[in-house]
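A short write-up of the structure that comes next.
The values are calculated or read from the model by the stated rules, or taken from the named source; none is laboratory data. Everything numeric here is computed off the predicted structure, so don't read it as measured data. Here the Cβ positions follow ideal geometry from the backbone for every residue, glycine too, while neighbour counts run over all protein chains shown.
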Amino acid sequence: MKFLYIGIVVVVVVTLRLWMFRARRKRRATEDQVPGATHDRMVKSPLLGSARARIGRAVGEPLGTVGIIAMREITERVRGRILRVGTLLILVVVAAAIVIPTLDSSSGGLTAQTVGIVGPLSPQIEQVVNSAAKQDQDSVRFVREPSITAAKAALRSGRLDFTIADADLVLLNQPATSSSSPADPTLVQDVAEYLGVVRAYEAAGLTRAQAAQVDQAKAVPVHTLQPGTKTKSKAVSIIGLVLLFFMLTQYCTWILIGVMQEKSSRVVEVLLATVRPIQLLGGKVLGIGMVALGQATLVLGFALVLGEAVGSNLLHGAEPVALLAELLWLVLGYAFYCWVYAAAGSTAERQDQVQTLVLPLSIPVLVGYVFSITVASSGKPDLLFKILAYVPLTAPFCMSVLVSLSQVTWWEFVLSVLVSLAATVGMAIFAARIYRRAVLRTGGRVKVRELLAGSAH
């Protein structure tokens, strides 16, 4: 049943991807048939049309200018099919991760086990078997067999799951751990252990009252020096890392492509005649960042509401602090990397140049993601991982994992946040300088060495 649900989800995802691909091809074909359509659309955009007068009035107000540019980016991204289809795909995957385990667990119920009995069955043995079945969430039905031979025949035919012979032997047709065996391996193991304990009581000469007193013995308390890692926290941490990786790469790539398209279409020359480079770049970064934060909040809220509605325990055990840390580091990670991608986009003016830039820029993100997934799965961060939690390139992944594993104090978390904020400010100043020098230079990709060696315009 589980594979059926997974197959349905895969079919839905593939269908949506094919629909998005065909719609994109159709739109591109329409634009190619109309000469200058792309250029006209960009010239008539809200920023260059009616909003241009408002930008002119807001030249002395950096916040107002940046806000108008940010609203333009938000409007373009929200109207685009890529965001809507991408968000739908994410929601489908999240829904599948939450609903499928619930359906699988809810359809299981009690496992019915038919147990053959050869020889006498004392009330004590029957109580032992029923207690083991209750503990293992099984239901037991006893069937009397006249002999071992008859019990073996019933086991081969599948009428019996396993047999208890003379209260000192458990008989199966094949190992309980086999995938084709009808017997519950845990129940078989527990029954065998309990029967051995009963035989030990009888051999020791214990009365029924003495044996009952031994059975009621409670385990001594167990204390640990370090808190353990909850399985649910690991699952939530891994899901958060996947979403963080996806969103960082997606939205930062949008910035890179957006800067490249404005440069190649020469629209940026008109914009820079009215606004400063840092305002134009800041508005683009802020607008796309707001879209990223909105999408992340939507996905998190959807997961919480759906999990509560279907009774899923996937998010149970996950501390609210860990969820908030994932959201915070999405913002901080985007705030740092967006300036890096924006500066890189200003050095390119063709699509093939963008593709050569994306790979080296995504290497630190990929390293932090893979390393964090490994540590989140094992629950044992080493010294190198803890050091990377303070490096702005990898902190969004590493620090969020340390929070979910309860391996970091509040002041260490705050210190990592402050380091990332300081690095973001420095990167923003550096990216604005690169952007100002490179965005108006055409005729090929500009080398970073040339920009660093050149003087500011």
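Mind counting the residues in segment 131-166 that are crowded, with 19+ Cβ neighbours inside 10 Å and either of a type in the set (Phe, Trp, Tyr) or over 42 Å from the mean Cα position of the chain (by Cα) (or both)?
Total satisfying the criteria: 7.
If Ser233 passes every condition in (1) modelled with pLDDT of 75 or more; (2) not assigned by TED's automatic domain parsing to the domain that holds Pro123 but one, which one does it miss?
Exception for Ser233: condition (1).
What residue, among those in segment 344-401 that are surrounded by fewer than 13 Cβ atoms within 10 Å (Cβ to Cβ) and acidic (Asp, Glu), is farthest from the chain's Cα centre (by Cα)?
Ranking the candidates gives Asp352 first.
Is there a residue being among the aromatic types (Phe, Trp, Tyr), assigned by TED's automatic domain parsing to the domain that holds Arg433, more than 18 Å from Thr75 (Cβ to Cβ) and modelled with pLDDT of 80 or more anywhere in segment 253-272?
Quick first cut of segment 253-272, residues among the aromatic types (Phe, Trp, Tyr) only: 254.
Narrowing the set further to residues that are assigned by TED's automatic domain parsing to the domain that holds Arg433 leaves 254.
Next, only the ones that are more than 18 Å from Thr75 (Cβ to Cβ) stay: none.
Scanning segment 253-272 turns up no residue that is among the aromatic types (Phe, Trp, Tyr), assigned by TED's automatic domain parsing to the domain that holds Arg433, more than 18 Å from Thr75 (Cβ to Cβ) and modelled with pLDDT of 80 or more.
I'd like to verify a number: residues in segment 369-390 that are free of Cβ contacts under 8 Å to residues at least 24 places away in the same chain and among the β-branched types (Val, Ile, Thr), how many? Spell out how you get there, then give the answer.
Start the filter on segment 369-390 by keeping residues that are free of Cβ contacts under 8 Å to residues at least 24 places away in the same chain, which leaves 370, 374, 378, 380, 382-388.
Pick out the ones that are also among the β-branched types (Val, Ile, Thr) and you get 370, 374, 387.
Result for segment 369-390: 3.
Those residues that are under 27 Å from Val267 (Cβ atoms), small (Gly, Ala, Ser) and modelled with pLDDT of 80 or more, I need them from segment 68-102; list them, please.
Ala70
Being modelled with pLDDT of 85 or more, more than 30 Å from Leu272 (Cβ to Cβ) and part of a helix (DSSP H, G or I) is the requirement here; does Leu324 meet it?
Working: modelled with pLDDT of 85 or more: no; more than 30 Å from Leu272 (Cβ to Cβ): yes; part of a helix (DSSP H, G or I): yes.
When the stated conditions are applied, Leu324 does not pass them.
Enumerate the pairs (first residue in segment 417-434 and farther than 13 Å from Tyr337 by Cα; second residue anywhere and assigned to a helix (DSSP H, G or I) and not acidic (Asp, Glu)) with beta-carbon separation below 7 Å, excluding pairs fewer than 6 apart on the same chain, so at least 6 apart or on different chains.
Final answer for the pair search is Val417/Leu332; Ala432/Pro277; Ala432/Ile278; Ala432/Leu281; Ile434/Ala343; Ile434/Leu451.
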